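Comments concern the structure below.
Throughout, read-outs are computed from the coordinates displayed, never taken from laboratory work. Owing to the predicted nature of the structure, the values given are computational and were not obtained by experimental measurement. Because the Cβ atoms are built from the backbone with ideal geometry, glycine has one as well, and the counts that use them run over all protein chains shown.
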Amino acid sequence: MQAHRAPRWLPGGHAQTIWPALLSRRHLGPPPRFVRERWDTPDGDFIDVDLQAAADPAAPWLVLFHGLEGSSSSAYAQAFADTARARGWHFVVPHFRGCSGELNRAPRAYHSGDFAEIGWVLQRLRGRAAAPLRVAGVSLGGNALLRWAQEAGDSAAATAAAVAAVCSPIDLVAGGHALGRGLSRRVYTPMFLRTMKPKALAKWAQHPGLFDRERLLAARTLFEFDDVFTAPVHGFRGALDYWTRASARPHLAAIRIPALVLNALNDPFVPAACLPRPHEVGRHVTLWQPPHGGHVGFASGRFPGHVVAMPESVTAWLAGHG
């Protein structure tokens, strides 16, 4: 995957982002079948967790944290499920609050630096596993996962054998600005806001006065949305404070377990200029920065292609550590 090359029929970062998400094959075997569990959270809320169990109770566990507005139905989640099933591993997708199809109860949602939630989920799953977990995070989920590994330090090894972040905006300021201009602002930002704003308004109906409703209705960029909703609801002073404090990039050298950070250099969400160099990350971190792949695309094969190659490569790397 470090040397991934996109098919000739799929040129450019935008095409390599959009086509795989919408039209590529998500699995080489039958569709995954999940069993859903609802977990009560310590603050009186809930999350929904989708589990694909292995035949062997003692098999390894692969955990996937999804991206912004993602779920177990996302193309990459289906592809990881296919890969885990082929290996005979348990596979689980914990949904961030409000992402499982039902609005959560508490006056909060989820965010890119939510390492405490990551830690709570992993601790519960570790109690069911025979050995430390292999854990991947995609986009937002990957940044939050890296923040957990950074905060946990040496203690992370008792919970996770290794972690991997795929196409994660580890510099949220750079990524946020990239989504706020040009084609990205016209294509991706409206796509995200189309679901994020109704969820936020439903949250306001649950908890009137939680944020400035009129400002949210006027938001046209992710910065404006995060400034009025995500940041204040989760204890940040504003979008810039949130993006700065939640970014994983400044703390990569603090990670004490094997960690893979995979970013395509033509990802329209994560500018290549903001990605770290090997000397900046510490000895536990491996960087894969292929020239092609887009944002969580990595299509392979003949037209129309599939998106299983990236999960296979990431899972193989995770399997080799721990």
Discussion item. Could you tell me what a quarter of the Cα convex hull surface of region 5-57 works out to, in nm² with one decimal place?
Written reply: 7.2
Worksheet entry | Rg followed by Dmax, in Å, when the chain is reduced to its Cα trace | 18.4, 53
Practice prompt. Using the Karplus curve 6.51 cos²θ - 1.76 cosθ + 1.60 with θ = phi - 60°, work out ³J(HN,Hα) for each residue of region 60-76 in order, rounded to whole Hz, and write x for Gly and Pro.
Written response: x, 10, 10, 10, 10, 9, 7, x, 4, 6, x, 5, 5, 8, 4, 4, 5
Worksheet entry | Net length gained if the chain between ARG33 and ARG126 were fully extended (0.36 nm per residue, minus Cα distance) | 31.3 nm
Response to the item:
For THR286, the residues 5 or more places away or on another chain with a placed amide H closer than 5 Å to its own amide H are ALA259, LEU260, VAL261
Discussion item. Taking only the Cα atoms of region 222-289, how large is their convex hull per residue, in Å³?
Written reply: 99
Worksheet, complete the sentence: Counting all Cα-Cα pairs in region 168-322, those more than 27 Å apart amount in percent to 37
Worksheet item: In µm²/s, what is D for region 65-217 at 25 °C and 0.890 mPa s, where D = kT/(6 pi eta Rh) by Stokes-Einstein and Rh is the Kirkwood radius from Cα pairs?
Response: 146
Worksheet entry | Label point distance in nm, ARG5-ALA205, each placed 7 Å from Cα along Cα→Cβ | 5.2
Discussion item. When 1/r is averaged over all different Cα pairs and the result inverted, which Kirkwood radius in Å belongs to region 259-322?
Written reply: 12.9
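Looking at the chain, what % of its DSSP beta bridges pair antiparallel, to the nearest 5?
Of all bridge pairs located within the chain, approximately 35 percent are antiparallel.
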Item to complete: Just subtract the alpha-carbon distance of LEU183 and SER155 from 0.36 nm times their residue separation and send over the number in nm, one decimal.
Response: 5.8 nm
Fill in: Separation of the LEU23 and MET191 label points, Cα + 7 Å toward Cβ, nm
1.3
